[in-house]
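Below is one structure, written out as structure tokens, with a few remarks after it.
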Amino acid sequence: MGATASTKVGEAESANRSPPRSAYIHVPFCRHRCGYCNFTLVAGRDDLIDEYLRAIELEIARLETPCEVDTLYFGGGTPTYLGPLPLQRLGETVLRWHPLAACREWTVEANPADVDAPMIEALGELGVSRLSLGGQSLRDEKLRLLERDHTGRDVAQAVELARGAGLQIALDLIFATPGETLGQWLADVEAAIALEPDHVSTYGLTFERGTAFWSRRRRGELVAADEELERAMYAAVIDRLTAAGFEHYEVSNFARPGRRSRHNQAYWSGDGYYAAGPGAARYVDGIRETNHRSTTTYLRRVLAGESPVAERERLEPEARARELLVFALRRIEGVSRCDFRAKTGYTIEELVAEPVAKFMSLGLLQSAGDRLRLTREGLFVSDAIWPELL
């Protein structure tokens with residue numbers, strides 16, 4: 001009897017599986033929670049910082065032996081909110097267990113208001129190579145609406161300091177905020193380009209359930225941008241950034257040549273990754289684990305010698321293959337049919353022949369030789385495509 005698809009994909013994954021080469025550390029602290037934010041964080045709890053640093057030391061020591069990585073990412077929350085000395089302590093702890101390979105990439109997310117000379121000096125001493133700035137906008141009125149605690153000038157100053165220290169600069173921007181016009185958004189994009197970042201990520205504002213913005217929208221205090229306007233804003237930023245020399249390499253991400261986020265590409269390629277901290281998710285040896293999202297619960301468990309894991313699953317082979325397909329299609333280059341089959345044991349047609357045919361007929365997907373990828377039209381509605389592939 002021939003091998004089942006499940007057996008094939010299991011063998012394919014085993015053949016491709018190797019120790020992760022990426023690690024993520026979640027830092028949950030922020031000065032305050034912005035109205036649109038639904039991330040795992042705590043605000044105004046500086047009293048927990050020392051316990052957090054001790055908990056990370058304990059959690060990451062569960063590895064038992066150091067595991068070298070190519071990419072390291074400190075996200076949040078706001079890692080730079082810790083301040084230079086606690087951030088250095090955290091970095092030194094992580095490097096003991098995740099030493100960086102020679103060709104490494106180390107990204108730290110930062111709030112522009114936290115970036116000063118002592119912070120940049122601390123990052124440089126650690127060996128950080130990339131600063132991800134949560135700028136969101138260069139326009140002060142928009143920043144106030146988003147409840148950010150920095151100004152456009154703060155963003156520019158942070159970029160200047162980081163560049164002076166030789167750090168790569170990644171800049172986040174949000175569009176389609178209430179009341180924003182296409183002209184205002186284009187001016188924001190031009191201001192960002194003028195800063196000459198290495199990487200730009202752009203996101204349409206979403207109203208996540210449980211956030212302050214969600215509640216304000218339901219009360220009529222905030223009005224979401226019209227869908228056609230949001231589409232026009234996304235189209236405009238694609239055209240303007242690519243004209244400025246950025247490569248549009250993933251649905252929301254643009255980079256100067258050679259400056260793509262290697263860490264995020266590991267996620268999109270379906271590679272494994274280590275992780276530590278409250279709410280952090282790891283994928284090791286085919287198993288996905290997610291730590292408890294509550295920072296206080298995470299701390300209580302780890303400091304008591306207990307596991308912080310709240311969820312644990314081994315995806316069924318077909319579900320894993322479908323997930324990998326969606327990750328791959330988020331990239332502008334799309335997915336190679338041959339590579340996909342080698343990695344999962346499935347052909348794309350075995351899994352999603354009907355949805356793919358449907359989206360190709362609608363002009364949302366296109367096939368070019370061995371590759372399947374989103375069309376420009378598909379980029380605008382990609383979030384509606386993924387559920388049918390999963």
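Full extension of the chain between Arg256 and Asp383 gives 43.2 nm of extra length, using 0.36 nm per residue less the Cα-Cα distance.
Computed from the C-beta positions of Glu228 and Ala187 and an R0 of 25 Å, the FRET efficiency is 0.80 to the nearest 0.05. Each Cα pair under 8 Å and six or more residues apart adds its sequence gap; the mean of these over the residue count of the stretch 242-293 is a relative contact order of 18 percent.
Amide H contacts for Ile332 (H built 1.01 Å from N in the peptide plane; partners 5 or more residues away or on another chain; cut-off under 5 Å): Glu250, Val251.
With contacts taken as Cα pairs under 8 Å at a separation of at least 6 residues, the chain carries a relative contact order of 17 percent.
Applying the Karplus relation 6.51 cos²θ - 1.76 cosθ + 1.60 with θ = phi - 60° to the stretch 190-197 yields 3J(HN,Hα) values of 4, 5, 5, 4, 4, 6, 6, x Hz, where x marks Gly and Pro.
Restricting the trypsin sites (Lys or Arg not before Pro) of the stretch 210-278 to loop positions (DSSP other than H, G, I, E, B) with no more than 12 neighbouring Cβ atoms within 10 Å leaves Arg219. Of the beta bridges in the chain, as assigned by DSSP with both residues counted there, near 40 percent are antiparallel. Across the accessible surface of the chain, with the other protein chains kept in place and a 1.4 Å probe, carbon and sulfur atoms take up 49 percent.
Taking every DSSP helix (H) stretch of at least 4 residues in the chain, weighting each as -39,500 (n - 2.57) and dividing the sum by the residue count yields a mean residue ellipticity at 222 nm of -13000 deg cm²/dmol. Note on Ser361 and Ala194: the model spin-label points, each 7 Å out from Cα along the C-beta direction, lie 5.0 nm apart.
Remark: the chain carries a charge dipole of roughly 400 debye about the Cα centre, counting +1 on each Lys and Arg Cβ and -1 on each Asp and Glu Cβ. Tally Lys/Arg at +1 and Asp/Glu at -1 over every other residue whose Cβ is under 11 Å from the Cβ of Leu173; what's the total? Surrounding charge for Leu173 is 0. Along the stretch 152-167 the Karplus relation, 6.51 cos²θ - 1.76 cosθ + 1.60 evaluated at θ = phi - 60°, assigns HN-Hα couplings of x, 5, 4, 4, 4, 5, 5, 4, 4, 5, 5, 5, x, 8, x, 7 Hz to successive residues, with x for each Gly and Pro.
Close amide H contacts of Gly279 (hydrogens built in the peptide plane, cut-off under 5 Å, sequence separation of 5 or more or a different chain): Asn291, His292, Arg293. Residues in the chain average 44 Å² of solvent-accessible surface per residue, probe 1.4 Å, ligands and nucleic acids excluded. Among the GluC sites (Glu not before Pro) in the stretch 279-369, those placed in a DSSP loop whose Cβ has at most 15 other Cβ atoms within 10 Å are Glu306, Glu333.
The Ala243 and Arg45 beta-carbon pair, evaluated with R₀ = 45 Å, returns a calculated FRET efficiency of approximately 0.55. Among beta bridges identified by DSSP and lying wholly in the stretch 49-159, the antiparallel ones come to about 0 percent. In this Cβ point-charge picture (+1 for Lys and Arg, -1 for Asp and Glu), the stretch 259-390 has a dipole of about 560 debye about its Cα centre.
The values are calculated or read from the model by the stated rules, or taken from the named source; none is laboratory data. Not measured: the values here are computed from a predicted model. For neighbour counting, all protein chains shown are included, and Cβ atoms are generated from backbone atoms with ideal geometry for every residue, glycine included. With ligands, DNA and RNA removed, areas are computed over all heavy atoms of the protein, side chains included. Shrake-Rupley method; radii C 1.70, N 1.55, O 1.52, S 1.80 Å.
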